[in-house]
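One structure is given below, encoded as structure tokens.
Values quoted throughout were computed directly from the atomic coordinates according to the rules given, and no laboratory measurement underlies them. Quantities reported herein were computed from a predicted structural model and do not represent experimental measurements. No Cβ is skipped: glycine too gets one built from the backbone with ideal geometry, and neighbour counts run over all protein chains shown.
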Amino acid sequence: SPFTIYTSFSSILLISLFFLNPKNKHTNKKHNNMDLLLLILCILVSYLFFKIWKLKDSKKDKDCYILDYQCHKPSDDRMVSTHFSGEIIHRNKNLGLEEYKFLLKAIVSSGIGEQTYAPRLVFEGREERPTLQDGISEMEEFYVDTIGKLLERQQISPKEVDILVVNVSMLTSMPSLPSRIINHYKMREDIKVFNLTGMGCSASLISVDIVKNIFKSYPNKLALVATSESLSPNWYSGNNRSMILANCLFRSGGAAILLTNKRSLRKKAMFKLKCLVRTHHGAREESYNCCIQSEDKQGRVGFYLGKNLPKAATRALVDNLKVIAPKILPVTELLRFMVKLFIKKIKMHQNPSKGSTNLPPGTPIKAGINFKTGIEHFCIHTGGKAVIDGIQHSLDLTDYDIEPARMTLYRFGNTSASSLWYVLAYMEAKKRLKRGDRVFMISFGAGFKCNSCVWEVLRDLTTGESKGNVWNHCINDYPPKSISNPFTKMYGWLQDEDPDTFKIPETFKIPDEYM
């Protein structure tokens, strides 16, 4: 390197001056000793600078870059319309009028539209009788589509992939899903493989964290992350309200992300990972039990979403922000926040009654710190309308800031761990991402976990260059004038039915204008 050449040349020059200087032969020993000490000092300083440069240079091999990513768009024959949603609910014989009214209220306020996707077995009417093959086929359709497109677009052979990380929380098969991917794409025998299950909606950033840590020890590597969720074997057909709610929120999807620490690929990279923080509240019983896979009283397996979920999410978010804020915000904003907090505590000490609050449990609390001083874009997990609203309130974000998350929830629903990448794709399709911008990702998951990270945009992504963007075919239609769904107009008549006289009809009646 130029620095090595420089230090070597400096050392040779000093040695030459020392030995060729005629003064050294005729002057006293005192001068000779001083010259020798000067020479040794120069060599030591040069060596110190060399070691510092070498240490700094080696860190470049430990950086984590996103080379490219691809979100999964299922085929249109798997699209869930309002009318079809009514059919699914109607054929569940375990539901009654009260459950119908509850689901109607939940779907109307969910923020989900009519173009989300469900597993194929739901369209075949077999959601109560899933097979293992249903789940495997759903995942095969996902990874064949996304990984194939991603590698082809980057002109990368599957044999060039050094690390494979797969996270699908609610499906375990033998052989594992990573093994199926390796078999399908004929990857190398020495590929490093990691298979994550049960990690919930925050598993995507956990996978990135694994890759990041591997990159610290292994330079010049290429990693592939596949993130999705298998809904086929996990569709709940009972009548427990806390478990049937998951059917309203979760939809099919997935994403594949190509990461690298190769210097040669840095100019092609889209994003650079700046920091990543993971928060786990599994030691707290309330947080641990608020979001869990379990059986109802009839033995039907489903995904339980407790009423204390918002409270657990708020606690996890606050603890996560405490750690990541100093890493991503300027010193001036941190000092402003500390002074403001100090003044607030003094006032509370002087008048304790003004400091008390009577907010309901789980109510979002404002962070009191301006994250926009260090962040340009907010990539929020689409866990539901309440989750997005809560983060907007806590971080004091505008409607523009949360538009990508709202539109992703409306168009694709909650696709579990992969939802973050649909939100990111929306930003890219809208040509928002410019060189130097920072993207703040926030995700929540069962356990209970809150994971977050910050990406730096390495080049302008405002030219619409990504031909594989999942939003390209419809981005001009978003945001729509209204994101309300027609469930109330189509099924609002259920609210007027009397529980004592109501009988489940053979088919749900639908107003003529929707036929």
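One chain, two ends: T462 and E497. Fully extended at 0.36 nm per residue, the span grows by 7.4 nm beyond their Cα-Cα distance.
Taking 0.36 nm per intervening residue step and subtracting the Cα-Cα distance, what contour gain separates K186 from R278 on full extension?
Numbers: separation 92, 0.36 × 92 = 33.12 nm, distance 3.33 nm.
Using 0.36 nm per residue and subtracting the Cα-Cα distance, I get 29.8 nm.
For the stretch 187-331, the alpha-carbon radius of gyration amounts to 1.29 times the rule-of-thumb value 2.2 N^0.38 Å expected for a compact globular protein. The H on the amide N of I369, modeled in the peptide plane, is under 5 Å from the matching H of no residue at least 5 residues off or on a different chain.
Given the pairs K212/K431; K216/K372; K192/K212; K105/K489; K62/K149; K268/K327, which are separated by over 18 angstrom at their Cα positions?
Working: K212/K431 27 Å; K216/K372 30 Å; K192/K212 14 Å; K105/K489 12 Å; K62/K149 27 Å; K268/K327 26 Å.
In this structure, K212/K431; K216/K372; K62/K149; K268/K327 exceed 18 Å between Cα atoms.
Farthest towards the positive end of the charge dipole of the stretch 222-326, among the residues G299, N234, H280, is the Cα of H280, using unit charges on the Cβ of Lys, Arg, Asp and Glu.
Over the residues of the stretch 124-200, compute the C-alpha Rg and express it relative to 2.2 N^0.38 Å.
Details: Rg = 13.8 Å, N = 77, 2.2 N^0.38 = 11.5 Å.
Against the compact-globule rule of thumb, the ratio is 1.20.
Inter-label distance, M79 to R266: 4.4 nm, where each label sits 7 Å from its Cα along the C-beta direction. Listed by chain and number, the aspartates and glutamates whose C-alpha is less than 18 Å from the C-alpha of K322, apart from same-chain residues fewer than 8 away, are E333, D396.
For the ranges 379-388, 260-269, what's the packing order if you count other beta-carbon atoms within 10 Å of each residue, average per peptide, and put the highest first? Please list the in-between numbers first.
Values: 379-388: 24.4, 260-269: 16.4.
Most protected by this proxy first, the peptides run 379-388, 260-269.
With one equal scatterer per alpha carbon and no solvent term, the Debye-computed log10 I(q)/I(0) for the stretch 375-495 at 0.11, 0.13, 0.16 1/Å reads -0.40, -0.54, -0.80. Cβ-Cβ distance of R126 and K159, R₀ of 35 Å, FRET efficiency by 1/(1 + (r/R0)^6): the value works out to about 0.40. Inter-label distance, L334 to S217: 3.0 nm, where each label sits 7 Å from its Cα along the C-beta direction.
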